[in-house]
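Report on the following structure.
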Amino acid sequence: MSGDSMQSMVHDLRTPMTVIKGNLQLLLSGLMGNMTADQLMLIKRSVGPLEELILMTENLLQSNTLEKDDLTLKMEEADLDKLLSETIDFYATPFKQREMQIFRDGNTFGTRLHVDVFWMKRVLNNLIWNAYKFTPDHGKVFIYVRHSGEDLELVVEDNGRGIPASKLNSIFDKFTQASPVVDMKLGTGLGLWICKRVLELHGGSIRAESQEGKGSRFILHIPASCIL
């Protein structure tokens, strides 16, 4: 199958899933009437897997684009706090369902970047969803900024299961997952590769630190050339 055929097929898959997501959100809003506790529970349980399927199709589409040698970034001014807020709000329902919390340090406020907003949002989507997926119910996700000379580091940290030390050097490789057999999680193994590729296109980098049983930390190194 050609790359264009694959993209067309994946795009066709994404459209009905987006419709289903909208219908689930409408039911959860209560605008269509009250539901029994069991009905509500079943719908809530459907949200997380559906979000995962949508992100998988997005990653499949985006990976083909990112492989192109002539890819040109559309650089523009962006408010880091707005980028984070939009991403966090997008996943509010599944986080609330599992009683998970996201803590964002106030030092993200007022930080303005010069980045490709579309691709930077893809990075944040993948990292925040990974934290959700591999952190137990009632878990916590922390997002904060720290300075490294004139550069900036954006950190996404969780208190989840963590990544085996043997996998830390390979998790950013294409089609690689930390331990898919054990986790039995849906995934393409493309999310972290996309993060790495996008950061490299911006002149930056990404790395991971983790301790099994204590959580993981993903550090996005954003160069001074992308900071306003």
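The condition of being in contact (Cβ under 8 Å) with a residue 12 or more places away in the chain, touching a Leu at 6+ places or on another chain (Cβ under 8 Å), over 21 Å from Leu152 (Cα atoms) and of a type outside the set (D, E, K, R) holds for Leu71. Residues in region 38-54 that are over 16 Å from the mean Cα position of the chain (by Cα), open to solvent by less than 60 Å² (accessible area, probe 1.4 Å) and hydrophobic (A, V, I, L, M, F, W, C): 2 in all.
Quick check on region 51-73: of everything there that is part of a helix (DSSP H, G or I) and of a type in the set (D, E, K, R), which residue is farthest from Phe95 (Cα to Cα)? Steps first, please.
If we filter region 51-73 for residues that are part of a helix (DSSP H, G or I), which is where we start, we get 51-66.
Remaining after also requiring of a type in the set (D, E, K, R): 51-52, 58.
On the way: Glu51: 11, Glu52: 13, Glu58: 20 Å.
Per the stated criteria, the residue is Glu58.
Considering region 133-156, the residues that are of a type outside the set (Phe, Trp, Tyr) and part of a loop (DSSP other than H, G, I, E, B) include one that is surrounded by the most Cβ atoms within 10 Å (Cβ to Cβ), namely Thr135. For region 157-167, filtering for residues that are over 19 Å from Leu190 (Cα atoms), open to solvent by 20 Å² or more (accessible area, probe 1.4 Å) and charged (D, E, K, R) leaves 2.
For every residue, the table says whether it meets (1) at pLDDT 80 or above; (2) open to solvent by 60 Å² or more (accessible area, probe 1.4 Å); (3) within 25 Å of Arg197 (Cβ to Cβ).
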{"residue": "Gln7", "(1), (2), (3)": "no, no, yes"}
{"residue": "Asp12", "(1), (2), (3)": "no, yes, yes"}
{"residue": "Asn34", "(1), (2), (3)": "yes, yes, no"}
{"residue": "Leu61", "(1), (2), (3)": "no, no, yes"}
{"residue": "Leu71", "(1), (2), (3)": "yes, no, yes"}
{"residue": "Glu86", "(1), (2), (3)": "yes, yes, yes"}
{"residue": "Tyr91", "(1), (2), (3)": "yes, no, yes"}
{"residue": "Gln97", "(1), (2), (3)": "yes, yes, no"}
{"residue": "Phe103", "(1), (2), (3)": "yes, yes, no"}
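Is it true that Trp129 is in a helix (DSSP H, G or I), at pLDDT below 90 and open to solvent by less than 40 Å² (accessible area, probe 1.4 Å)? So Trp129 fits the description; yes.
Can you report the number of residues in region 91-119 which are in a helix (DSSP H, G or I) and of a type in the set (A, V, I, L, M)?
Taking region 91-119 as the starting set, the residues that turn out to be in a helix (DSSP H, G or I) are 92-97, 106-108, 117-119.
Checking the rest, the ones that are also of a type in the set (A, V, I, L, M) come to 92, 117.
Qualifying residue count for the region: 2.
Applying the criterion of being touching a residue at least 24 places away in the same chain (Cβ under 8 Å) and polar (S, T, N, Q) to the residues of region 189-215, the residue that is surrounded by the fewest Cβ atoms within 10 Å (Cβ to Cβ) is Gln211.
The values are calculated or read from the model by the stated rules, or taken from the named source; none is laboratory data. Keep in mind it's a predicted model, so treat the numbers as computed, not measured. Virtual Cβ from ideal backbone geometry, glycine too; neighbours counted across all protein chains shown. The protein model used for the area step is the full one, side chains on, heavy atoms only, and it has no ligands, DNA or RNA in it. Shrake-Rupley method; radii C 1.70, N 1.55, O 1.52, S 1.80 Å.
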